[in-house]
Amino acid sequence: MRQVAIPNSLPGGKPPTPPPGTHRLLSIAGETMGTTWSLECFTPPGLTGDAVRALVESRLDLLVRQMSHWRGDSDLARFNRADPGAAVSLPAEFFHVLNAALQIAQETGGAFDPTLGEVVNAWGFGPPGPHPELIHPPGRWRKILLDPAAQSAIQPGGAILDLSAIAKGFAVDHVAVQLDSLGIGSYLLEIGGELKSRGVKPDGQPWWVLIEPPPGMPPAGEIIIALYNNAVATSGDYRRYVERAGERLPHTLDPLTAAPVRSPLASVSVLHADAMRADAYATALTVLGAARGLTLSDQLGLPAVFLLREDGRMRTLKSRAFQAMLDED
Ligand code: AMP
Ligand code: MG
């Protein structure tokens, strides 16, 4: 059975009128943040692919310089090295992401934890090199205090930020604003599996996105989403992992155990107007697992889909908000 999810923003599956003028399909792609990005868009006349690529790359580079966990010269690395009690001034985008990360940490009871830097490194998901003994006091993120007026954050001492579970989503939102400013009214933008769309295609169709079952697993009923001015993010154990003693360990870590999450959950996809929030929630719901994750999704009104491995088969669980979008055919 095929299931078609149509968010409320696209009532009854009837998309609005496409943008006027002669539009050309442009497909470009590249690498950033240790992963790939891709863009499909219909460009207005006069806008070249090179101009679009240059803008996308310059914005991505800016965000990498601010929030990379891999670069010693990023603003994030500067925060991580700061002395206990130091107020570290941050660029606007980094401040915005950290503010959202701390809010989502609060909302998810710490399942999303932006201070897992040393745990990420210890498990081999960060930069290579010697790493200090692994001690991760849960809830250290609570001690990071933000000052919006000064746009600064206080390093409580030993808080090692890693924003990898939210920064890709933010990058999607950030680049999307730039595409809007270029007058591109119809696009599908993706960074490392986090997607956002704008408008409809010239034929009036929305951008359709397939929620794929993990490689090697039988489809559990295909789910296709009409993505319209909306974002979808997926955290999955098959996208990035390390092998330890023959065991495949996912790169999502449980802040309580400071170890990779072990669960039958293969992936979680979350829809949200902001790719940044969809990204962070997808990671948090992976940590919580299907049962607690569904409860939280329903409390927050989040459209979320959980794919579980059960006896070699896939099982799909959907939050109430996701269920409400389904139009089965
Ligand atoms: P994502 O691809 O969005 O699922 O993010 C995964 C990455 O986020 C990992 O490679 C880690 O760097 C980091 N991470 C892992 N577990 C968590 C967590 N519980 N909260 C926040 N960040 C995490
Ligand atoms: Mg994420």
Is there a residue in the range 114-129 that is hydroxyl-bearing (Ser, Thr, Tyr), modelled with pLDDT of 95 or more and within 19 Å of Thr286 (Cα to Cα)? yes
Restricting the range 229-262 to residues that are away from ligand 2 (no atom under 16 Å from the Cβ) and assigned to a strand (DSSP E or B), the residue that is modelled with the highest pLDDT: Ala259
Take the residues in the range 91-103 that are surrounded by fewer than 22 Cβ atoms within 10 Å (Cβ to Cβ) and assigned to a helix (DSSP H, G or I), then tell me which one is nearest to ligand 2 (Cβ to nearest atom). Ala100
How do the pairs read when you match residues in the range 160-187 that are modelled with pLDDT of 95 or more and aliphatic (A, V, I, L, M) with residues anywhere that are part of a loop (DSSP other than H, G, I, E, B) and within 12 Å of ligand 2 (Cβ to nearest atom), using Cβ under 6 Å and keeping only pairs 6 or more apart or on different chains? Leu161/Pro114; Leu163/Pro114
Scanning the range 173-217 for residues that are in a helix (DSSP H, G or I) and among the polar types (S, T, N, Q), the one farthest from ligand 2 (Cβ to nearest atom) turns out to be Ser181
Any chance you could count how many residues in the range 24-70 are within 30 Å of Ile160 (Cβ to Cβ), part of a strand (DSSP E or B) and of a type in the set (S, T, N, Q)? 3
Name the residues in the range 137-172 that are within 16 Å of ligand 2 (Cβ to nearest atom) and aliphatic (A, V, I, L, M), would you? Leu161, Leu163, Ala165, Ile166, Ala167, Ala171, Val172
Looking at (1) under 30 Å from Pro213 (Cα atoms); (2) part of a loop (DSSP other than H, G, I, E, B), which one does Ile166 not meet, given that it meets all the others? (2)
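The values are calculated or read from the model by the stated rules, or taken from the named source; none is laboratory data. Because the structure is predicted, anything quoted here is derived from the model rather than measured. Methodologically, a virtual Cβ is constructed for each residue, glycine included, from the backbone with ideal geometry; neighbour enumeration extends over all protein chains shown.
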